Amino acid sequence: MPESDLSSGVVIRALNKSDQKAWVAARCSLWADCSPEQAAAEVVRILDDNDQLAVGAFDRAALVGFAEYSLHPHAIGCTTGPVAYLEAWWVASSHRRGGVGRMLIDAGVAWGQSKGCSELASDTWIDNAISDAAHRSLGFEAVDRLIHYRRTI
Ligand SMILES: CC(C)(COP(=O)(O)OP(=O)(O)OC[C@H]1O[C@@H](n2cnc3c(N)ncnc32)[C@H](O)[C@@H]1OP(=O)(O)O)[C@@H](O)C(=O)NCCC(=O)NCCS
């Protein structure tokens, strides 16, 4: 995957083994219930899987954003398969609104196309207004809303 330069000097490139520590920390910034041990195991699995992609945004040596993608056989609202799926998307608050999120999505679009996909799918929490705005701004359309349930059995 070619590296990309932003005018800000931020570089987008695929994550690799040497990035694991910063990548795990970034995952734990994104997900409040993140377990560092579980995240460490998951990043190893992602790196070993040719059907997943993790890209990072670097400001000098510091990881300031990342996105993870996988292939789904199909996805809600999509009419083709497999579908490239955005699994994780995070930019450090210090670097938001500067186009880093867009570059991370552009990398996923290019990867999905290279895998033969013609659709990119994603999801977010219903109350995450910023994520919703960013998705829509980057060309996503909302296709469904879900309610998750539980009961004791
Ligand atoms: C969502 C997120 C990754 C966007 O990253 P970013 O680097 O700020 O995104 P960009 O600067 O590339 O913004 C792209 C477009 O999204 C929209 N957008 C981004 N942040 C926005 C905000 N706070 N309010 C309204 N629109 C916003 C804008 O239209 C923006 O384009 P513009 O700046 O040219 O107007 C970042 O806000 C983030 O990490 N949020 C916390 C984690 C999260 O919720 N992740 C998504 C989980 S699905």
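The values are calculated or read from the model by the stated rules, or taken from the named source; none is laboratory data. Owing to the predicted nature of the structure, the values given are computational and were not obtained by experimental measurement. No Cβ is skipped: glycine too gets one built from the backbone with ideal geometry, and neighbour counts run over all protein chains shown.
Within the stretch 107-145, being in contact (Cβ under 8 Å) with a residue 60 or more places away in the chain, loosely packed, with under 12 Cβ neighbours inside 10 Å and of a type in the set (A, V, I, L, M) holds for one residue alone: Val143. How many of the residues in the stretch 1-51 are at pLDDT below 95 and among the polar types (S, T, N, Q)? Qualifying residue count, the stretch 1-51: 3. Restricting the stretch 62-86 to residues that are within 12 Å of the ligand (Cβ to nearest atom) and aromatic (Phe, Trp, Tyr), the residue that is nearest to the chain's Cα centre (by Cα) is Phe66. Scanning the stretch 136-150 turns up at least one residue that is among the charged types (D, E, K, R), modelled with pLDDT of 95 or more and in contact with a helix residue (DSSP H, G or I) (Cβ under 9 Å, 6 or more places away or on another chain). Taking first residues from the stretch 75-102 that are farther than 18 Å from Leu15 by Cα and partners that are near the ligand (Cβ under 7 Å from one of its atoms), the Cβ contacts under 8 Å between residues at least 6 apart in sequence or on separate chains come to His95/Gly65. For the residues Asp144, Asp127, the requirement of being in a loop (DSSP other than H, G, I, E, B) and within 11 Å of the ligand (Cβ to nearest atom) singles out Asp127.
Out of all the residues in the stretch 45-65, is one or more in contact (Cβ under 8 Å) with a residue 60 or more places away in the chain, out of contact with any His (no Cβ under 8 Å at 6 or more places or on another chain), of a type in the set (A, V, I, L, M) and in a helix (DSSP H, G or I)? The answer is no; no qualifying residue exists.
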